[in-house]
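Chemist: Take a look at this one; I'll ask things after.
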Amino acid sequence: MIEVGILGEDDDLELLNGWLVPKMTRNPPHDAIMDLTHECVRRLLPDAWRIRIQSAITTADSEPEPDLAIVRGPANRYLKRHPSPEEIALIIEVAQSSLDKDRNEKGPIYAAAGIPWYWIINLVDDCVEIYSTPSGPSDDPQYQKRTEQKLGDSVSLIVDGADLGKIAVNALFGDE
């Protein structure tokens with residue numbers, strides 16, 4: 001639609017389950033936490049992996065733009081296409097007003113695609129919701145496991161089955 005002029009490059013939309021959906025507006029806490037998360041993850045991430053920020057990924061019926069996506073490198077492999085689920089280790093969404101959407105719309109999309117790890121940095125409850133064991137395609141795609149880490153706790157960064165280290169939840173919220 002961009003190529004034929006129906007949509008512009010700057011239209012704030014993403015494709016979810018075959019529908020064009022407006023993206024949530026961002027605010028200073030959202031952007032700052034996204035930046036802090038990027039810093040924390042980058043410190044632990046091997047060079048073979050990349051962090052994409054608010055860039056599209058491609059699933060069977062969607063092209064969401066997660067806040068952060070940990071994908072296989074190098075970056076030039078994505079010059080002609082977006083990352084596909086088998087190249088994605090972790091999706092991270094920073095959520096305040098989008099919390100319900102991230103849990104109930106995007107979560108099932110990521111679970112159906114088989115993305116192994118999904119974090120929601122929940123600004124409402126000051127915690128990180130960690131989802132794992134995706135169902136894959138099904139009538140009701142979901143993550144089978146959900147844990148929650150609060151301030152004072154830490155989260156393990158697991159990429160391609162390897163535990164790369166722990167990140168303090170406080171660091172993600174700028175409370176170190």
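Chemist: Could you please find all residues in segment 144-172 being within 14 Å of W119 (Cα to Cα), in contact (Cβ under 8 Å) with a residue 60 or more places away in the chain and touching a helix residue (DSSP H, G or I) at 6+ places or on another chain (Cβ under 7 Å)?
Modeler: Result: L157, I167, L172.
Chemist: If you scan segment 84-114, which residues turn out to be under 13 Å from V128 (Cα atoms) and either in contact with a strand residue (DSSP E or B) (Cβ under 6 Å, 6 or more places away or on another chain) or aliphatic (A, V, I, L, M) (or both)?
Modeler: I91, I92, E93, V94, A95, L99, D102
Chemist: May I ask you to list the residues in segment 80-92 that are assigned to a strand (DSSP E or B) and farther than 13 Å from A56 by Cβ?
Modeler: Matches in segment 80-92: A89, L90, I92.
Chemist: If I filter segment 93-113 for residues that are in contact (Cβ under 8 Å) with a residue 24 or more places away in the chain, outside any helix (DSSP H, G or I), within 23 Å of E148 (Cβ to Cβ) and among the aromatic types (F, W, Y), do I get at least one hit?
Modeler: Within segment 93-113 (the criterion being in contact (Cβ under 8 Å) with a residue 24 or more places away in the chain, outside any helix (DSSP H, G or I), within 23 Å of E148 (Cβ to Cβ) and among the aromatic types (F, W, Y)), the answer is no, since none of the residues qualifies.
Chemist: Here is a further query. Among the residues of segment 123-163, count how many are over 24 Å from R50 (Cα atoms) and among the hydrophobic types (A, V, I, L, M, F, W, C).
Modeler: 4
Chemist: Something else about it: Could you tell me whether S135 is in contact (Cβ under 8 Å) with a residue 40 or more places away in the chain, more than 19 Å from E39 (Cβ to Cβ) and more than 13 Å from the chain's Cα centre (by Cα)?
Modeler: Against the criterion (in contact (Cβ under 8 Å) with a residue 40 or more places away in the chain, more than 19 Å from E39 (Cβ to Cβ) and more than 13 Å from the chain's Cα centre (by Cα)), S135 does not qualify.
Bear in mind that the values in this text are calculations on the coordinates, not laboratory data. All values derive from a computational prediction rather than experimental measurement. So basically every Cβ, Gly included, is an ideal-geometry build from the backbone, and we count neighbours across all protein chains shown.
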